[in-house]
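The values are calculated or read from the model by the stated rules, or taken from the named source; none is laboratory data. Keep in mind the model is a prediction, meaning the values are calculated, not measured. Here Cβ is always computed from backbone atoms with ideal geometry, including for glycine, and neighbour counts include all displayed protein chains. Side chains are part of the model used for accessible areas, which takes the heavy atoms of the whole protein and leaves out ligands, DNA and RNA. Shrake-Rupley method; radii C 1.70, N 1.55, O 1.52, S 1.80 Å.
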Amino acid sequence: MSTLTPTPLTPTPLTPTPGQTVGPFYGYALPFSKDNELLAPGSPGSIRLQGTVYDGAGHAIPDAILEIWQPDAGGNIVRRTGSLVRDGYTFTGWGRAAVGNTGVYTFTTVNPGPTKPGGAAFISVAVFARGLMNRLFTRIYLPENEEALANDPLLSSLDPERRRTLIARRDPDGGLSWDIRLQGGDETVFLDFQQDGSLDLATGDLATENPA
Amino acid sequence: MPQDQTVQQLESDELVPAAEPHAGHASSDAAAHTQADLSAEIGALSAAYARALAGVAAPETQPRLDYAPYRSSILRHPTKSLHHADPETIELYSPAFGHQDVHALEADLTIQHNGEPVGERIIVAGKVLDGDGRPVAGQLVEIWQANAAGRYIHKRDQHPAPLDPNFTGVGRCITGPDGSYRFTTIKPGAYPWKNHLNAWRPAHIHFSMFGTEFTQRIVTQMYFPGDQLFPLDPIYQSIVDQDARDRLVARYDHELTGPEWALGYTWDIILSGSRRTWTENEAFGDAGDEE
């Protein structure tokens with residue numbers, strides 16, 4: 001494994017391109033065959049991950065699309081291609097699911113393993129929708145390992161009420177249920193990975209920005 | 001901010017873009033607000049931003065998630081600040097794509113059917129770079145767009161403009177070692193939508209990009225220079241900063257223009273910076289995927 005020869009860094013970091021909404025018509029472009037099947041339903045170890053995407057009025061959104069990215073059951077970060085043309089055997093760790101008319105999405109996947117000893121296992125999520133000007137990032141944590149959840153840096157930085165929004169429920173069939181609320185009392189915690197964290201992009205409220 | 005009732009109506013109506021072709025003959029479910037109403041709202045937000053910028057505020061480089069002139073954002077934007085998190089393990093890597101995922105011919109949207117699509121053939125090319133100027137190689141770029149008449153091949157698009165049997169409007173490619181991408185397509189038309197009465201979207205191509213990290217994921221839209229609809233469009237205007245808006249507008253490039261063939265537009269995409277030490281063989285995913 002050779003390290004890439006460093007490209008000279010630009011004097012000041014380049015400003016990222018702004019995002020835009022996916023609009024209502026991604027439905028003929030982004031979905032593809034078996035996009036929500038990280039592995040075939042019924043495969044050993046497979047589970048169903050499901051939920052509903054809601055707006056601020058509590059109505060299900062019929063035109064959202066989710067992407068997940070996760071380690072395998074052993075906690076390994078998979079670096080395999082073949083997510084768009086799945087061979088039925090290779091676990092690539094990535095999936096995409098458009099919600100249906102009732103706002104429900106479904107993935108077939110495996111329980112992610114923790115990527116480090118004692119760590120909390122989670123699935124990383126990107127949310128897109130008509131009306132949503134930029135993608136949102138969040139996480140789905142497995143509910144079982146309470147000690148790991150208590151020690152998780154992100155979860156422990158949240159108050160208990162908000163923390164709940166990131167932890168999935170275990171279904172009787174072994175699957176996971178996890179809903180997304182874009183707005184409202186149980187609003188899902190969405191994440192900002194920016195280096196400086198100074199811009200409040202959620203509200204665009206200039207008063208909350210740190211001009212430093 | 002409109003009444004709640006209006007919001008609800010727009011939420012359900014906007015799925016179907018305005019289908020009323022005759023001015024002054026608006027259908028009963030037409031949006032309640034006019035372009036003049038919307039332009040006034042856009043103008044007020046723009047003026048407030050200009051005042052803030054003249055004070056101590058930093059420029060806003062991304063769209064506002066809460067931008068009421070785009071009615072659908074009203075119930076779909078988080079009301080709480082995004083929670084700062086340091087990306088961990090899985091988030092420091094991007095899903096891998098390779099040439100088994102995408103065929104080279106998928107970058108030409110004009111050859112996917114039996115005949116030539118109608119409209120102005122164009123070439124759109126550029127580079128995907130990260131915030132430190134490094135090329136983002138071996139990653140998936142997906143595009144989708146309306147046809148030359150401004151119509152999508154989507155069951156919810158009932159805009160009474162012709163469908164083109166030779167144009168689907170979907171393309172994909174994998175970025176080259178220098179982060180480059182290139183599509184051949186048809187210039188999309190403007191189209192009406194139901195945000196407000198007489199709402200029209202500027203011509204645009206939707207772009208989806210991955211980076212070297214999951215946190216660099218972006219979906220955006222590329223616009224064409226000089227579009228007279230820019231000041232009227234609440235989606236474009238949701239980016240309140242002019243410099244930031246300009247980053248979504250492609251540049252006409254005569255060097256890229258093909259003689260007797262197609263006009264060329266250049267548009268580069270900058271993803272956020274990478275936090276992880278990057279190795280050469282990651283650029284193309286599995287080594288075995290490259291021939």
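Within region B:233-257, which residues are more than 9 Å from every other protein chain (Cβ to nearest Cβ) and open to solvent by less than 60 Å² (accessible area, probe 1.4 Å)?
Of everything in region B:233-257, those that are more than 9 Å from every other protein chain (Cβ to nearest Cβ) and open to solvent by less than 60 Å² (accessible area, probe 1.4 Å) turn out to be B:Asp233, B:Pro234, B:Gln237, B:Val249, B:Ala250, B:Asp253, B:Leu256, B:Thr257.
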When restricted to B:Ile123, B:Ile90, B:Ile143, the only residue open to solvent by less than 20 Å² (accessible area, probe 1.4 Å) and out of contact with any Ser or Thr (no Cβ under 7 Å at 6 or more places or on another chain) is B:Ile143
Test A:Arg130 against the stated conditions and say whether it is more than 23 Å from A:Gly19 (Cβ to Cβ) and at pLDDT 95 or above. no
If we ask which residues in region A:41-65 are out of contact with any Lys or Arg (no Cβ under 7 Å at 6 or more places or on another chain) and part of a strand (DSSP E or B), their number turns out to be 9
Could you go through region B:190-202 and let me know if any residue there is farther than 29 Å from A:Arg139 by Cα, of a type in the set (Lys, Arg) and surrounded by fewer than 20 Cβ atoms within 10 Å (Cβ to Cβ). no
Within region B:98-111, of all residues that are open to solvent by 50 Å² or more (accessible area, probe 1.4 Å) and part of a loop (DSSP other than H, G, I, E, B), the one nearest to the other protein chains (Cβ to nearest Cβ) is B:Gln100
In region A:166-212, residues that are farther than 21 Å from A:Ser124 by Cα and modelled with pLDDT of 50 or more total 4
When region B:36-56 is checked residue by residue, the ones that are among the hydroxyl-bearing types (Ser, Thr, Tyr), open to solvent by 30 Å² or more (accessible area, probe 1.4 Å) and out of contact with any Pro (no Cβ under 8 Å at 6 or more places or on another chain) are B:Ser46
Could you tell me whether region B:258-280 includes any residue that is assigned to a helix (DSSP H, G or I), modelled with pLDDT of 95 or more and open to solvent by 10 Å² or more (accessible area, probe 1.4 Å)?
no
Counted residues in region B:47-56 being facing another protein chain (nearest Cβ under 7 Å) and either part of a loop (DSSP other than H, G, I, E, B) or within 24 Å of B:Gln35 (Cα to Cα) (or both) come to 1
Expected single match for crowded, with 20+ Cβ neighbours inside 10 Å, in contact (Cβ under 8 Å) with a residue 24 or more places away in the chain and more than 7 Å from every other protein chain (Cβ to nearest Cβ) among B:Pro59, B:Pro95, B:Pro69 is B:Pro69
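Conditions (1) out of contact with any helix residue (DSSP H, G or I) (no Cβ under 6 Å at 6 or more places or on another chain); (2) within 11 Å of another protein chain (Cβ to nearest Cβ); (3) surrounded by fewer than 23 Cβ atoms within 10 Å (Cβ to Cβ), marked per residue:
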| residue | (1), (2), (3) |
| --- | --- |
| B:His83 | yes, yes, yes |
| B:Gly119 | yes, no, yes |
| B:Pro162 | yes, no, yes |
| B:Gly169 | yes, yes, no |
Picked from region B:156-172 (must be free of Cβ contacts under 8 Å to residues at least 60 places away in the same chain and touching a Phe, Trp or Tyr at 6+ places or on another chain (Cβ under 8 Å)), the residue nearest to B:Ile122 (Cα to Cα) is B:Thr168
Of the residues in region A:112-135, those that are more than 7 Å from chain B (Cβ to nearest Cβ) and assigned to a strand (DSSP E or B) come to A:Phe122, A:Ile123, A:Val125, A:Val127
Looking for something among the hydroxyl-bearing types (Ser, Thr, Tyr) and at pLDDT below 95 - is there at least one such residue anywhere in region A:76-89? yes
Query raised in the report: Are any of the residues in region A:39-60 of a type in the set (Lys, Arg), more than 21 Å from B:Gln216 (Cα to Cα) and within 12 Å of chain B (Cβ to nearest Cβ)?
Result: no
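Given the residues A:Gly100, A:Gly56, A:Gly27, A:Gly42, which is the only one that is over 16 Å from the mean Cα position of the chain (by Cα) and either of a type in the set (Asp, Glu) or open to solvent by 40 Å² or more (accessible area, probe 1.4 Å) (or both)?
Result: A:Gly42 is the single residue among A:Gly100, A:Gly56, A:Gly27, A:Gly42 that is over 16 Å from the mean Cα position of the chain (by Cα) and either of a type in the set (Asp, Glu) or open to solvent by 40 Å² or more (accessible area, probe 1.4 Å) (or both).
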Checked region B:211-223 for anything farther than 25 Å from B:Pro69 by Cβ, more than 9 Å from chain A (Cβ to nearest Cβ), open to solvent by less than 10 Å² (accessible area, probe 1.4 Å) and in contact with a helix residue (DSSP H, G or I) (Cβ under 8 Å, 6 or more places away or on another chain); matches are none
Checked region A:106-154 for anything in contact with a helix residue (DSSP H, G or I) (Cβ under 8 Å, 6 or more places away or on another chain), in contact (Cβ under 8 Å) with a residue 60 or more places away in the chain, among the hydrophobic types (A, V, I, L, M, F, W, C) and under 26 Å from B:Leu248 (Cα atoms); matches are A:Ala126, A:Phe128, A:Leu132, A:Met133
Turns out the strands (runs of 3 or more DSSP E) fully within region B:112-197 with at least 1 residues that are of a type in the set (Gly, Ala, Ser) are B:121-129, B:170-174, B:180-186
